[in-house]
Amino acid sequence: MSFRTAGPLAWVVLAGLVLPALGQRVAPPQPPEAIPAPPLGYDQKRDSIARGRLETVEYDSTTVGVRRNATVYTPPGYSKDRTYPVLYLLHGIGGDEAEWRRGGAPDVILDNLYADGKATPMVVVMPNGQASKDLTARDPIPKQSPAFALFEKELLTDLIPFVEKTYTAKSDREARAVAGLSMGGGQALNFGLGNLDTFAWVGGFSSAPNTRPPAALVKDHAEAAKKLKLLYVACGDKDGLLRVSEGVHKMLDEQKVPHVFRVVPGGGHDFKVWRSDLYTFARLVFRDPGPEKAAPAKKDDPRPAGQADDGKPAATTVGPSGYPRVHADGRVTFRLKAPDATRVQVFTNYGLGAGGPWDMTKGEGGVWSLTSPPVVPGFHYYELVVDGARVNDPGSESFFGTGKPTSGIEVPEKGVDFYHARDVPHGEVRSRWYTSKVTGQTRHVVVYTRRGTTPTRRSGTRCCTSSTGAGRTRPGGPGRGGRTSSWTT
């Protein structure tokens, strides 16, 4: 897979993928670098990872005067307490709102990317790109073409407002992307490059000849170079439509509009290529928050500049560092100061999450950090692995449950607070000893009594204490009215 760029770009590496960093002026890049193919199994459903949701929705189209369908994917841990960027993902000439779902496995690909921490959580909208009351994929292409062109109006005036009203979607241009395959790839280039005030991220996968002529595709090349966060143009080298993408690439190259041009060796006009494109595009999109939103990072803060810290220390976090922290969407940020370590990981095999152990990244001052994918709510054991040695996290409480004291973290479930302490009348939990006639041993029991309950002496009992006598020591030893410990619950 070749990777070609145009314009004054700098090179950076993101998770093994070579990317252009927009806005930095350096010498022109050297010959193309290689984009690695997606890893084996990237489009196969995994067990034991959090999953997003696919649903079919209806919206009113004022453009054509009917209610129309779209398929919508929401990421794992989707919450109305946060806002998400949106990718509008378009189908080809013979498809509809279900084509990506049938052949592209978008939910599987994105679920896997989130589990590996390689993509920004986003809402993905897969509409029917034919703005028509009664056209179908079986109608002649000349009859369908005007409906594909009219969809630009419906997208802007009907679908985007519906999505931003129905879902907790961000509503600025830098939080919107449009991409598509074949006919939808041409639509994505036409609509995205023609509406730079609406979209900052644009991707054309094996774009079809409905793509506007290169000379007419971009109205203002300087504006495009300034406003685009990512322009991704890709096609297989065995695809008969490669000439379309090459023509777009040549124009962008000549006009110095930064872009990614990807040619897939041996790639045809099929979902094998388009799945790979979705994987690659999803890793790139919404990654750069833009300089106007980037908050300066503290020297001892391992988070990238611009990454908001919406997390709070977990209920199980101890010590002054405030880590681990749990974020609103269920992600967890771990930190460890280990300046002499060469590799630090989070051991996840006790059920914390899939794909582990997770590698932490070393920052300034020898502070290692990691923000996980969304974690299933509940209590989870985990350990840190420092240069191969498994150790407990000094920032978290330890619990006995894996055969030894082990770090644990509590990830709260939204809307569930029955176990939180509240300012209400409380009962008591008491530690008692008694003699077992069955075993002949002195044994221990913990007893809860509600507020106002006063234990009374009954036949056969050896000890009692009033509800106001919590914690006092009585004569004798265990089993004979000895010490009674009491805690308020």
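Each reported figure results from applying straightforward, stated rules to the coordinates on display, with no laboratory input. Remember, predicted model here, so these are calculated numbers, not experimental data. Quick reminder, even Gly has a Cβ in these numbers, built from the backbone with ideal geometry, and neighbours come from all protein chains shown.
Pairs of Cα atoms nearer than 8 Å and 6+ residues apart set the relative contact order; for segment 161-264 it is 23 percent.
Past the 20 Å Cα-Cα mark, which pairs from K143/K219; K133/K153; K219/K256; K170/K219? Let's see the in-between values first.
Details: K143/K219 28 Å; K133/K153 15 Å; K219/K256 14 Å; K170/K219 26 Å.
As for pairs spanning more than 20 Å Cα to Cα, those are K143/K219; K170/K219.
When M360, M251 are sorted by how many other C-beta atoms sit within 10 angstrom of their C-beta, beginning with the fewest, the order is M251, M360.
Here is the link list: K226/K362; K227/K250; K118/K272. Which ones come out longer than 26 Å on Cα distance? Write out the running numbers ahead of the final one.
Values: K226/K362 33 Å; K227/K250 20 Å; K118/K272 20 Å.
Exceeds cut-off: K226/K362.
For segment 87-132 versus segment 232-261, the inter-centroid distance based on Cα atoms is 22 Å.
Could you tally the net charge around A314, taking each other residue with its Cβ under 10 Å from the Cβ of A314, Lys/Arg +1 and Asp/Glu -1? Kindly include the intermediate steps, with their values, before the conclusion.
Values: positive: K312, R325; negative: E397, E410.
For residues surrounding A314, the net value is 0.
Please report the spacing between the Cα centers of segment 156-223 and segment 368-386 in Å, no decimals. Distance between centres, Cα-based: 37 Å.
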